[in-house]
1. Placing unit charges on C-beta atoms (Lys and Arg positive, Asp and Glu negative, everything else neutral), compute the dipole magnitude of the stretch 7-161 about its Cα centre in debye, rounded to 20.
2. Give me the angle, in degrees from 0 to 90, between the Cα long axis of helix 247-259 and the longest principal axis of the Cα atoms of the chain, rounded to the nearest 10.
3. Can you list the residues of the stretch 677-716 with backbone N under 20 Å from a point 7 Å past the Cα of ARG352, pointing along Cα to Cβ?
4. Could you tell me how many degrees, from 0 to 90 and to the nearest 10, lie between the Cα long axis of helix 262-273 and the main elongation axis, the longest principal axis, of the Cα atoms of the chain?
5. What are the semi-axes of the equivalent ellipsoid for the stretch 594-658, taken as the square roots of 5 times the Cα gyration tensor eigenvalues, largest first, in whole Å?
6. List the residues whose amide H sits under 5 Å from the amide H of TRP536, counting only those 5 or more places along or on another chain, with H placed 1.01 Å from N in the peptide plane.
7. Could you give the length gained by full extension between ARG582 and ASP736, i.e. 0.36 nm per residue of separation minus their alpha carbon distance, to one decimal place?
8. So what is the 222 nm mean residue ellipticity for the chain from helices alone, if each DSSP H run of at least 4 adds -39500 (n - 2.57) and you divide by all residues, rounding to the nearest 500 deg cm²/dmol?
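The values are calculated or read from the model by the stated rules, or taken from the named source; none is laboratory data. Worth saying up front: this structure is predicted, and the values here are computed from it rather than measured. Note: ideal-geometry Cβ built from the backbone for every residue, glycine included; neighbour counts use all protein chains shown. In case anyone asks, the SASA skips ligands and DNA or RNA and just uses the protein heavy atoms, side chains included. Shrake-Rupley method; radii C 1.70, N 1.55, O 1.52, S 1.80 Å.
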Amino acid sequence: MKSLSSGPRLLLKHLHDIMAGKGDAEARLNGVVHLIANNMVAEVCSVYFLRGGEVLELFATQGLKASAVHKTRLRVGEGLVGQVAAQASPLNLADAQSHPKYVYRPETGEEIYHSFLGVPIIRAGRVVGVLVVQNETLRNYTDEEIEALQTVAMVVAELVGNGELFDPLESPEGTLERAATPRFEGTTFAEGLAIGLAVLHEPRVFVEHHLADNIGVELERLTTALQDLRQQIDQMMAADDLRHQGEHREILTVYKMFAEDKGWREKISDAIATGLTAEAAVEKVQWENRTRMLKTADPYLRERLSDLDDLSNRLLRHLTGRLQTAASANLPENTILVARSMGPAELLDYDRTKLKGVILQDGSPVAHVAIIARALGIPMIGKVEGALQSAEDGEKVIVDGDEGIVYLSPPPEVLFTYHESIGARAEQLAKYQALRDQPAVTKDGVEIDLFINAGLSIDMEGLDQTGAKGVGLFRTEFQFMVSSTLPKIEEQVAFYKSVLAAAGDKPVVFRTLDVGGDKQVAFLQEEDEPNPAMGWRAIRIALDRPALLRYQLRALYQASAGRELQVMFPMISDVAEFKAVREIVYKEKARLEGLGKEAPTDIKVGTMLEVPALIWQLDSLLPLVDFVSIGSNDLMQFFFACDRENPKLVDRYDPLSPSALSMLKFIVDKCDAHHTPVTLCGELGSKAVAAMAVIGVGMRRLSVTPASVGPVKMMIRSLNLNELQQFVNQSLSRTDKSLRGSFVAFAHDHGVKI
Ligand code: PEP
Ligand code: MG
């Protein structure tokens, strides 16, 4: 009898005949095990398939007792067969019975067989079964035999995919059932909770046909697909789209390296030459790479594994012509998108009514896609290592965007807990909603003006939904950040007009560009700075490159023609800077008047207060400004000399400390004395307890994220300001590191809803 190694092509041809032959799937499977046993001169050949995600069931055998079929079952990890599935790699043993994992199953009659070769049956990167050959004699299977059996196993996987043997997603609820719930920890990019069904942004390709009809045709298909793939990578690298900067660019470089690798191409071509289709050959080579890379101790190579998986999937998508993302597919009502990374435009392609959550393997919370997710109110968790590899299309997922946790196929008790939390949230949201038209007035009759922070058109919806008084901070840089080129003046005008139209008669405070530092824009690529937050950013760039500011002011004037314009400047450090910038405002206004164009009815010029130095010039500054807006994010990082992006320092200093609150009180008192309106627009005001504290030191205007308007208003309406002020007056001279605990206690003691 001929050994497998002598003719994989011939074996594949015979396999082809059996697979394409008559009879049901089970009969064909029996044909397959006979063929393999004969070819490998093995007394036994058996196929086990994974059912319900955790049990390997004997489906066909040549050599074991026929009565064991559908009876012998092993859990993943149990026995040698379970071991092959758990490790997703071949097991080659001359004396199987001496292996510690060996378990004896009397119904099979396998006690007489000594040697064992098991290989996993893989479909789209997942173990779906195990293919085994056994011999009576103590025999060592050769590498060629192992490889040939692996190839056969791939073909056998076809029988699982088409559902003829059993439903691959069988479980009581029709979704995948797993032995244990995979739980992943990531970073919260956008808060919130969601339960839904996983949808892979870039769908995984399931290879349907493994056996080639014409090897020449398959080789040509590979050549074309590789060309397309390389072209696609080049295009992605050439695109100035910001999502391809930084970390993502590194990945693309690795892709390019692999895509141009001759060794990779040769291996795939060799696999095709044995009789596989191009798709099957790509899958086979990827599977071999995977097995090899998983064994390596080199952490760099192991990290690259998901890159290679991704690249192979891309090549498969080129081969099958399935290039579209899932955005164009029929989405479930509660879609949880799973992606390696994506750009803001790609996210916006999805039907927002169906999108309930997003999981990204890479990414950063300051990435634009994260900004969009927050604007859309969709929970997003990033930096979730491994979720993309593990998630199956259609399986149930929990996205806990508060804790940064993802569960795949959660058990009922976990689901129950999350359903309860979501229910409680919805109830709470309804309560906030009910406050929409109620004023933010304390119990003792003091009104606090609540505004929202915005930066995208989508944010403007928050104005109507929350009933806020206006936009206290419009971050104009977002439009510049999501664009690859400097937005033209007409584009800026159109954008500002749309913002003002969305605001109706409510005021909008535009902040001029705060770019540079960590807010990079494509058209202003400067070399890396050691301290970007304290670097060449915001007004510093504007004063060095006044044309940028002038054009932006022109756009703002045009957009505000016939109504009041409120504009302010980021990162002003001293009065001279404010004067310099105000000069530009006046010059541009004069230019507009000279041209006889319609101007805004009034221009109110304000400043952000983000740099502590400015506090010591308030007496000279305040007579010059129409309003002040405190950017607590930056102000606190400079006040405490504490990088706001450094996770090691997150809890080191608290803005609710006596020192920081005394500073805020000093600013408010000065502004009050000069009758200058002052708003707090940093994130500080967005949490109810902190909002209470700043109201306690005299702040009467807060600009917060739209989702915070409800909770902050609820707090205000339950607050007796007089009692709070007495408490604050006694507290500011204390030497505690933070007064947060005392504020929480005050709220509890006085029935303030925080
Ligand atoms: C701030 O610093 O508080 C602020 C509002 O500006 P940004 O967060 O955009 O730096
Ligand atoms: Mg700032």
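1. My answer is approximately 400 debye.
2. Orientation of helix 247-259: about 30 degrees from the principal axis.
3. Those under the cut-off are 704-710.
4. 40
5. For the stretch 594-658, the ellipsoid semi-axes come out as 34, 15, 9 Å.
6. Those qualifying (amide H under 5 Å, at least 5 residues apart or on another chain) are GLY517.
7. 51.3 nm
8. Helix-only estimate at 222 nm: -13500 deg cm²/dmol.
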